[in-house]
Amino acid sequence: MKNEGINQELIAQGYLAYAFRQGGESPLKFEDNSDIVTDKDVNPIPITPKGGKEPIPFVPRGSRNDLPYDILRRTAKNVTVASNIEFKSKVVYGDGILVYRQVRNETTGKWEKQEVTREDAPEIFDFLELNDFGHVRMELANDLCLFYDAFVEYIFDRNDPPRLVQVRPLETTCSRISEIDEKEGRSLWHGYSAEWYLGTPTDLVATPLLDRRAPLRDLLTRMGRLPGKNGIAKTGRDRRFVHNLRINTPGRFYYARPYWWSVFASGWYDFSNAIPTYKKALIKNQMSLRYIVYIKDTFWAELFKKNRATDEKAQVSLQTKFLDELNDYLTGEENAGKTFVSHFRYDRVKGIEDKDILITPLDNALKGGEYIEDSEETSNTLSYGMGVHPSIIGSSPGKNKSINGTEARELFIITQALMKSFQEATLEPLYFAKRLNGWPEDICFSVTNVQLTTLDKGTGATKNTGLKPENEE
């Protein structure tokens, strides 16, 4: 906004200046990133689970033990971060699950994939449907992309031998693991609660945690399929176990620290959040002074006389009422575009127009497009830190930032290839079920990916299953 001084010439002619403005508030507040920037030494919290007798020491996640919720809150506040997480979770989910067999081609001698249908393996497809495994994978994809940690619960029946009948995803935000047991050299328990923020939750459910270094071996041993340390295979009493699916990061013994969290530690997240907040404050406050209204001093005397306001109290009340009505007229949205009519007289002696009211609008220095380059820089940096090319999700503002179809297609294929480890992690429960339930050895699972077509093959997309060299419609 330009620095507009009050017109002294109008003041000299008997006009009094009245300014109408709108209030604002303090716009900027940066985040506390201490939980993410540093790895603090925290003391385990001893908690007695529901139905238990002895307390179990659980390791908090964050200094206030609410770091996962903090990450969710931060993600929801930033357009680029939220969009990147959604994009990556969708890539991890892919286009569904393919059940296939590995068979050797008698002619070429090469291994090939042969799709398995419900008629071939009804038990497998019943397991997928009864457990709503598409939903399970969606939950796992979200947690893996956000936290690099995901948890699933395996539930067995009471048959002999026990069979895996249920696979349930557990919210990572509600999950904690116990302190490493010195005798066993690993964490033994998974704690599930929605009250970690209270310090000592009252709804804690403790479940045996499978050895994170070799979870399948641990589960087979507990189910009597492999011998234990004493060389004897014996089925244990527990029928519920938790499997920690994780994308390993170096130096983390309990919880993963995703590489993309560097956007918080570096300060770029705060910078990105500050830009829209600051622009909003500019729009709201930069033109808080919208008009200067000059009112002839004789106008009030005429107004008082017309309304028969003789005492000071009545005159002040009348003047205040008039100014309030004028302010509402100038600033009210419902009055936008309306015309204001004011009478004036022509002074023949001085040769000037003698007006009762003059309204002078103030110029706005904001012409639009402020901080576009800064917004582009932060969006690109956040996307770079999260492993997402900004052009795929359209996070680069401004002109001439689009890419052609070939570049977009290749970038999408590269993204799918880089997310393979995440996709395979969501399939681990199926391989556990295959081993525990005695499904055929040649049965395998994979994630089918959508692959964009080239224009010479028409518009749309194909499904890349890997069953044959060419993409399938």
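Worth pointing out:
- Computed from backbone phi, the HN-Hα couplings of the range 81-86 come to 4, 4, 5, 5, 5, 4 Hz, rounded to whole numbers (Karplus: 6.51 cos²θ - 1.76 cosθ + 1.60, θ = phi - 60°; Gly and Pro given as x).
- Summed residue charge, Cβ within 15 Å of Gly438's Cβ, Lys/Arg positive, Asp/Glu negative: -2
- Local charge for Leu219 was computed over the other residues whose Cβ lies under 10 Å away, with Lys and Arg +1 and Asp and Glu -1, and equals +2.
- Ordering of 294-301, 151-158 by packing [mean C-beta count within 10 Å, highest first]: 151-158, 294-301
- As a proxy for reagent exposure, Cys145, Cys174 were ordered by neighbouring Cβ count within 10 angstrom, fewest first; the result is Cys174, Cys145.
- Sites Thr249 and Asp328, calculated FRET efficiency, Cβ-Cβ separation with R0 45 Å, nearest 0.05: 0.15
- Taken one residue at a time, the phi angles of the range 129-137 give Karplus couplings (6.51, -1.76, 1.60, θ = phi - 60°) of 6, 5, 9, 6, 5, x, 5, 4, 5 Hz. Gly and Pro are set to x.
- Fewest-first sequence of Arg176, Arg163 by Cβ atoms within 10 Å of each Cβ: Arg163, Arg176
- On the basis of the beta-carbon distance and an R0 of 25 Å, Asp160 and Glu441 show a calculated FRET efficiency of 0.65.
- With a simple spin-label model that places each label point 7 Å from the Cα along the Cα-to-Cβ direction, the separation between Glu171 and His135 comes to 1.5 nm.
- Note on Glu54, Glu123: ascending count of other Cβ atoms within 10 Å places them as Glu54, Glu123, the fewest first.
- Residues in the range 215-253 reached by a label modelled at Gln102 [backbone nitrogen below 13 Å; 7 Å Cα→Cβ]: none
- The range 90-107 - phi-based ³J(HN,Hα) in whole Hz, Karplus 6.51/-1.76/1.60, Gly and Pro as x: 5, 5, 4, 5, x, 10, x, 10, 10, 9, 8, 10, 8, 10, 9, 6, 5, 7
- Pairs over the 23 Å Cα-Cα cut-off, from the set Lys313/Lys355; Lys50/Lys234; Lys321/Lys355: Lys313/Lys355; Lys50/Lys234.
- Sites Glu376 and Arg213, calculated FRET efficiency, Cβ-Cβ separation with R0 45 Å, nearest 0.05: 0.55
Coordinate-derived values only; no laboratory data. All of these numbers come straight from a predicted model, not from anything done at the bench. Backbone-built Cβ (ideal geometry, glycine too); neighbour counts: all protein chains shown.
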